[in-house]
Amino acid sequence: MKLSKYAKQAGVSYKTAWRWWKQGQLDAYQTPTGTVIVRDATLPAPTTGRVALYARVSSADQKSDLERQMQRLRDYAAAKGYAVSKEVSEIASGLNDHRPKLARLLTDPTIGTLIVEQRDRLTRFGYEYIRQLLETQGRHLEVL
């Protein structure tokens with residue numbers, strides 16, 4: 001896609017996109033006529049609201065797994081450039097639908113992006129329903 005179109009989609013000025021290209025921050029090339037073409041035109045999903053991390057294991061003997069899972073979530077969020085405002089860890093079965101910490105996260109309208117390591121860390125069944133409901137509220141669910 002042309003650099004001008006990329007800039008428009010990214011919500012930045014053409015000059016800023018040009019500067020990014022000159023600094024090597026964009027995967028792009030220049031044609032013989034001078035047009036800059038951006039190869040990988042995927043834009044990061046915009047985050048609205050605060051970013052929260054959610055980690056869960058099934059039993060107390062997996063507590064060390066819980067910390068490793070949370071660390072992987074932190075690393076992912078840092079790599080994406082997210083400013084994490086909340087970290088929630090829970091020891092409960094994925095089949096249990098009475099998890100108060102998860103319920104507080106899902107009902108908190110200030111949480112715009114919820115990041116989990118795997119779909120089954122959020123819930124064993126009904127993941128798509130949760131994802132769709134969050135999307136209708138303008139919120140986002142990200143899975144590593």
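The values are calculated or read from the model by the stated rules, or taken from the named source; none is laboratory data. If you're wondering where the values come from, they're calculated on a predicted model, not measured in any experiment. As a convention, Cβ positions derive from the backbone with ideal geometry for all residues, glycine included, and neighbour counts pool all protein chains shown. We work out accessible area using only protein heavy atoms, side chains counted, and drop any ligands, DNA or RNA first. Shrake-Rupley method; radii C 1.70, N 1.55, O 1.52, S 1.80 Å.
Mean-square fluctuations from a GNM of the chain, with a 10 angstrom spring cutoff on Cα atoms, peak among Gln30, Gln62, Gln132 at Gln30.
Secondary-structure-derived ellipticity at 222 nm for the chain, considering helices only, amounts to -11500 deg cm²/dmol, per-run term -39500 (n - 2.57) for DSSP H runs with n ≥ 4.
The relative contact order of the stretch 1-81, computed from alpha carbon pairs under 8 Å that lie at least 6 residues apart in sequence, is 21 percent.
Taking a straight Cα-Cα cut-off under 25 Å and skipping sequence neighbours fewer than 8 places away in the same chain, the lysines within cross-link reach of Lys80 are Lys2, Lys5, Lys8, Lys15, Lys22, Lys101.
Counting every alpha-carbon pair across the chain, the share separated by more than 23 Å comes to 47%.
Here the Kirkwood formula, the inverse mean of 1/r across different C-alpha pairs, assigns the stretch 63-137 a hydrodynamic radius of 13.4 Å.
What a 1.4 Å probe finds exposed on the stretch 48-103 is 52% carbon and sulfur by accessible area, rounded to a whole percent. Contact order for the chain, expressed relative to its length and based on alpha carbon pairs under 8 Å spaced 6+ residues apart, stands at 23 percent. Think of a 1.4 Å ball rolled over the protein heavy atoms: the chain then has 61 Å² of accessible area per residue.
Gaussian network model of the chain, Cα springs within a sub-10 Å range: biggest mean-square fluctuation belongs to which of Thr33, Thr113, Thr16? Of Thr33, Thr113, Thr16, the Gaussian network model singles out Thr33 as fluctuating most. Loop-located trypsin sites (Lys or Arg not before Pro) in the stretch 16-119 (DSSP state other than H, G, I, E, B) with a sparse environment of at most 15 neighbouring Cβ atoms within 10 Å: Arg39.
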